[in-house]
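Student: Structure provided below as structure tokens; questions to follow.
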Amino acid sequence: MLYHRTIRGIAVGLLLVASLCGVGAAQYFTPPETKTVSPPGLEGVGIDQRLNEQVPLNLTFKDEQGKTVRLGDYFEKGRPVILNLVYFQCPMLCTEVLNGVTSTLKVIKFVPGKEFEVLTVSIDPRETPQLAANKKEMYLKKLGNPDAAKGWHFLTGEQSQIAALAESVGFRYHFDPKLDQFAHAAGIMLLTPTGKVAQYYFGVEYSAKDMRLGIVEASQNKIGSLADYVLLYCYHYDPRTGRYGATITNIIRLAGLTTVIVLGSALVMLFRKEKHDQGIGTGRA
């Protein structure tokens, strides 16, 4: 009975590893690069990936309470930082970006201010700390976690500081005076605890799995679970898609190692069972 339970336990463990690594699952499809023409009014708007580039930590902004803060203040505790550039009176796209961030934060189970920080910076120099405070209150209610207040920061600043930050992360935008609106792309960035650009997530919906793995990886595995570490071994961040895709080589290696462990364990159990049976036979003789 012990033998069968052990074999079943080994089989369950093998299935767990296989499911974590996504063995047999399709890899993310990367579409071929195509040339696109920007619609009128969106020329020069986009996001250029500046992976591993350092953001200027000496830039100054105003927080939602009107206090002058340095960008570097939010990196002093050694946590990864999610950065999103929006503006608080945006009629549509920024709201979708912030809604997407909020939805993802609800799923990943990490808490802003504990495992990571979130910086929401306005690209409109006309906006005030009061607007930032109103927006923060709104999204903290949507998030439903009061503890996140100390880790999700809404900042405003002068044009020179905003432009320097946007340039450092490749965020290209411009102001349309006719519409009195900013034309900009949709996406967020993940920064390391030292302020270097680690990853980009494009669009207005962000994979909770990808963001959780990104935060764990950016923290240099200082946070996260064993399952996160296994997934990081099996998956690799692809900057072309802004997502994690299966690393076939590592999956094969891990599957091979698991097979060796399973077979070795089975042989040990068979050997022990044989000795046990022989001992019982000898006792009866």
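Bear in mind these aren't lab numbers, they're just calculated from the coordinates by the rules spelled out. All of these numbers come straight from a predicted model, not from anything done at the bench. All Cβ positions, glycine included, derive from the backbone under ideal geometry; neighbour counts span all protein chains shown.
Student: Wrap a convex hull around the Cα atoms of the range 90-223, take a quarter of its surface area, and give that in square nanometres.
Tutor: About 7.9 nm², averaged over all directions.
Student: What aspartates and glutamates could a cross-link reach from Lys150, if we take a straight Cα to Cα line under 18 Å and drop same-chain neighbours fewer than 8 places away?
Tutor: Cross-link targets: Asp63, Glu64, Asp73, Glu76, Glu115, Glu117, Glu137.
Student: Enumerate the residues in the range 173-193 having an amide nitrogen under 17 Å from the point lying 7 Å beyond the Cα of Ser207 toward its Cβ.
Tutor: The answer is 187-190, whose backbone nitrogens lie closer than 17 Å to the label point.
Student: How are the Cα pair distances of the range 50-120 distributed, in percent, across 10 Å bins from 0?
Tutor: 16, 44, 38, 2
Student: Show me, for the range 141-148, the HN-Hα J-couplings you get by feeding each phi into the Karplus relation (A = 6.51, B = -1.76, C = 1.60, θ = phi - 60°), rounded to Hz, glycine and proline as x.
Tutor: These are the phi-based 3J(HN,Hα) values: 5, 5, 5, x, 9, x, 5, 6 Hz.
Student: Also, quick follow-up: ³J(HN,Hα) across the range 177-188 via Karplus (A = 6.51, B = -1.76, C = 1.60, θ = phi - 60°), whole Hz, x for Gly/Pro?
Tutor: x, 5, 8, 6, 9, 9, 8, 7, 8, 10, x, 10
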